[in-house]
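Presented below is the structure to which this report refers.
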Amino acid sequence: MKVFKEQFALNNYLKTKTVDSIGLVPTMGALHYGHLTLVEKAMNENNCVIVSIFVNPTQFEDISDLNAYPKTLEEDLHKLAPYGDKILVYAPDVRDVYPESAASSNRYTFGLLETTMEGKKRVGHFQGVATIVHKLLAGFNPTRAYFGEKDYQQLRIIHHLVAQEQLPVTIVSCPIIREKDGLAMSSRNRRLNQKERSQAPLIYATLKRSIALKTSSSLEEINHIVTSTFDQNPAFKLDYFCIADARSLQPITTIKPDQTARAFIAVKLGDVRLIDNVNF
């Protein structure tokens, strides 16, 4: 494993190697097993894998959330070390990614994809996500880039970005990896205290219950049941629950025979905001 702080140094290193395909795994660090499954998939499908570790400031609309995001570079490098020389780590500071005086987002047109759910609650978030992903894709020209489905709306935004910018990369979506109790693995989970961690599985349990209710309840009734579930659990604050078309991400009231739907949820547990989703 080699670690680079500057993009040009990593690219110069690549020029000295014979590389048929490059896999890119963009992360913000605080790596967990879910991230490592992306790395392993990338290693199986490419002969070189770049793992970026960068907490991107332009996708945080709340400075306190940015400051609270876990930063664990040494721990992350320790987790990546066993993968050997096939792994190249790009762990820059802000100045290498945003050489201009202040970090700022590019402007992209994503239409309704970025005005619902996370886009509605976190204005400007997906512009920041698209900016950093675009920089990484354009900077390293990977063959494939790997993203988890836990951030499903982000995944749809990235597919749109690649098509819009005509970037020559294949986006590989990877399934959500869960703890034994069902909680979706997330870097934010480490911010939960012991009591909150014991309560957190309610999120996935509620999503599973919503699926089970499909045969006996309307989508409106399911929305009401989910809302009531969290109203009865004051440790949680439900941000949204939404059953939406899996491609457009627009809320739906009925599921057509040829339509694929997904259920999305965001809750706040203590000071930690958690998201999840399932095929519906």
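Is it the case, given these coordinates, that A163 is among the small types (G, A, S) and surrounded by fewer than 19 Cβ atoms within 10 Å (Cβ to Cβ)? Spelling it out, A163 is indeed among the small types (G, A, S) and surrounded by fewer than 19 Cβ atoms within 10 Å (Cβ to Cβ). Of all residue pairs spaced 6 or more apart or on separate chains, those with beta-carbon atoms under 6 Å, a first member in region 206-220 that is assigned by TED's automatic domain parsing to the domain that holds Q232 and a second member that is loosely packed, with under 14 Cβ neighbours inside 10 Å are L219/T253. Residues in region 240-278 that are in contact with a Lys or Arg (Cβ under 6 Å, 6 or more places away or on another chain) and of a type outside the set (A, V, I, L, M): K268, N277.
Taking region 15-36 as the range and being outside any loop (DSSP other than H, G, I, E, B) and either surrounded by fewer than 17 Cβ atoms within 10 Å (Cβ to Cβ) or in contact with a helix residue (DSSP H, G or I) (Cβ under 7 Å, 6 or more places away or on another chain) (or both) as the test, the residues that pass are K15, I22, G23, L24, V25, P26, T27, Y33, L36.
Going through (1) closer than 30 Å to T260 by Cα; (2) in contact (Cβ under 8 Å) with a residue 40 or more places away in the chain one by one, P92 falls short only on (1). Taking region 207-238 as the range and being under 18 Å from F264 (Cβ atoms) and hydrophobic (A, V, I, L, M, F, W, C) as the test, the residues that pass are L207, I211, A212, L213, L219, I222, I225, V226, F230, F236, L238. Considering V272, V267, V172, V226, the condition of being out of contact with any Leu (no Cβ under 7 Å at 6 or more places or on another chain), under 30 Å from E75 (Cα atoms), modelled with pLDDT of 95 or more and not polar (S, T, N, Q) is satisfied by V172 alone.
Can you pull out every residue in region 260-280 that is of a type in the set (D, E, K, R) and crowded, with 22+ Cβ neighbours inside 10 Å?
D276, the sole residue that qualifies.
Does region 98-105 contain at least one residue that is crowded, with 18+ Cβ neighbours inside 10 Å, within 19 Å of the chain's Cα centre (by Cα) and modelled with pLDDT under 95? Scanning region 98-105 turns up at least one residue that is crowded, with 18+ Cβ neighbours inside 10 Å, within 19 Å of the chain's Cα centre (by Cα) and modelled with pLDDT under 95. Can you pull out the residues in region 168-181 that are in a loop (DSSP other than H, G, I, E, B) and touching a strand residue (DSSP E or B) at 6+ places or on another chain (Cβ under 9 Å)? Of everything in region 168-181, those that are in a loop (DSSP other than H, G, I, E, B) and touching a strand residue (DSSP E or B) at 6+ places or on another chain (Cβ under 9 Å) turn out to be V169, P175, I176, I177. Scanning region 40-54 for residues that are within 22 Å of I157 (Cβ to Cβ), part of a helix (DSSP H, G or I) and among the aliphatic types (A, V, I, L, M) returns a single hit, A42.
Just one of (1) surrounded by 17 or more Cβ atoms within 10 Å (Cβ to Cβ); (2) within 26 Å of K268 (Cα to Cα) fails for S52. It is (2).
Those residues that are touching a Ser or Thr at 6+ places or on another chain (Cβ under 6 Å) and not hydroxyl-bearing (S, T, Y), I need them from region 48-66; list them, please. Quick ask: steps written out before the conclusion?
So in region 48-66, the residues touching a Ser or Thr at 6+ places or on another chain (Cβ under 6 Å) come out as 53, 58.
The answer is I53, and nothing else.
Does at least one position in region 118-125 carry a residue that is among the β-branched types (V, I, T) and at pLDDT below 95? Yes, the conditions are met somewhere in region 118-125.
If I ask for residues that are at pLDDT below 95, outside any helix (DSSP H, G or I) and surrounded by 15 or more Cβ atoms within 10 Å (Cβ to Cβ), which ones from region 55-69 would you list? Those that are at pLDDT below 95, outside any helix (DSSP H, G or I) and surrounded by 15 or more Cβ atoms within 10 Å (Cβ to Cβ): F60, Y69.
Of all helices (runs of 4 or more DSSP H) completely enclosed by region 78-142, which ones contain at least 2 residues that are closer than 17 Å to E6 by Cα? In region 78-142, 94-97, 125-140 are the helices (runs of 4 or more DSSP H) which contain 2 or more residues that are closer than 17 Å to E6 by Cα.
Kindly indicate whether Y83 is touching a strand residue (DSSP E or B) at 6+ places or on another chain (Cβ under 6 Å) and under 30 Å from E179 (Cα atoms).
Values: touching a strand residue (DSSP E or B) at 6+ places or on another chain (Cβ under 6 Å): no; under 30 Å from E179 (Cα atoms): yes.
Here the answer is no, as Y83 does not meet what is asked.
The values are calculated or read from the model by the stated rules, or taken from the named source; none is laboratory data. The structure presented is a predicted model; accordingly, all values stated were derived computationally and were not measured. Reconstructed Cβ throughout: ideal geometry from the backbone, glycine too, with neighbour counts over all protein chains shown.
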